[in-house]
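These notes are about the structure you will find just below.
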Amino acid sequence: MGGLDTEVTGTTTRVLLESASFKPLTVRKTARRLGLHSEASHRFERGVDPELAALASARAARLICQVAGGTVRGGPVDAYPTPRVAPTIAVRLPRVRMVGGVALEASTCRDALERLGCTVVGTGEPFEVTRRPPAPTSRARST
């Protein structure tokens, strides 16, 4: 869907990273109307967690620095108009054991959830689990 003028080559010295998320219904209708189906349109048609855009962009920037010797100039700009509130989910240890097929202890389960970026509340069952909000970024204002 891109072109020769926008591809990265061995002489590329500047790269702008964009990471975005789109509404599934809008993507589906537009891809069908224009006849432009791609791997990305199929992925977005099925729904992608919009919170992953910032994580993906940060990871890509880190890899460019590590692998290609790049340098990050400036920080992220976030034009996300209405960030979604992360739901709190009741996690029951017997269910985790059944689905995972492993007899986890409560402390192991709690530790794993926290390492995955979740806030775990409660000492008994069920655990109340919420994904931590992403690190703050500078926000662009829509006009």
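All of the numbers you see were taken from the coordinates with simple rules; none came from a lab. The structure presented is a predicted model; accordingly, all values stated were derived computationally and were not measured. Counting neighbours? That spans all protein chains shown, and the Cβs are built from the backbone with ideal geometry, glycine included.
At-a-glance table
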quantity: Formal net charge of residues neighbouring residue 35 (Cβ-Cβ distance under 15 Å; K, R +1; D, E -1); calculated: +3
quantity: Once the Cα gyration tensor of the stretch 58-106 is diagonalised, semi-axes √(5λ) in Å; calculated: 38, 21, 7
quantity: Angle in degrees between helix 106-115 and the longest Cα principal axis of the chain, rounded to the nearest 10; calculated: 20 degrees
quantity: Helix 52-68 vs. the chain, principal-axis angle (Cα, 0 to 90°, nearest 10); calculated: 60 degrees
quantity: For the chain: rounded, prolate or oblate by the Cα gyration tensor [a/c cutoff 1.5]; calculated: prolate
quantity: Pairwise label distance in nanometres, residue 7 with residue 121, each label 7 Å out on the Cα-Cβ vector; calculated: 5.2 nm
quantity: Computed over the chain: relative contact order in percent, which uses C-alpha pairs under 8 Å that are six or more apart; calculated: 22 percent
quantity: Loop GluC sites (Glu not before Pro), the stretch 40-127 (other Cβ atoms within 10 Å of the site Cβ: 13 or fewer; DSSP); calculated: 105
quantity: Gap separating the Cα centres of the stretch 76-115 and the stretch 36-50, nearest whole Å; calculated: 24 Å
quantity: R0 of 35 Å, Cβ-Cβ distance residue 82-residue 103: FRET efficiency to nearest 0.05; calculated: 0.25
quantity: Listed residue (52, 71, 93) projecting farthest to the positive dipole end of the stretch 38-130, Cβ model; calculated: 71
quantity: The chain: calculated mean residue ellipticity at 222 nm from DSSP helix runs of at least 4, using -39500 (n - 2.57); calculated: -11000 deg cm²/dmol
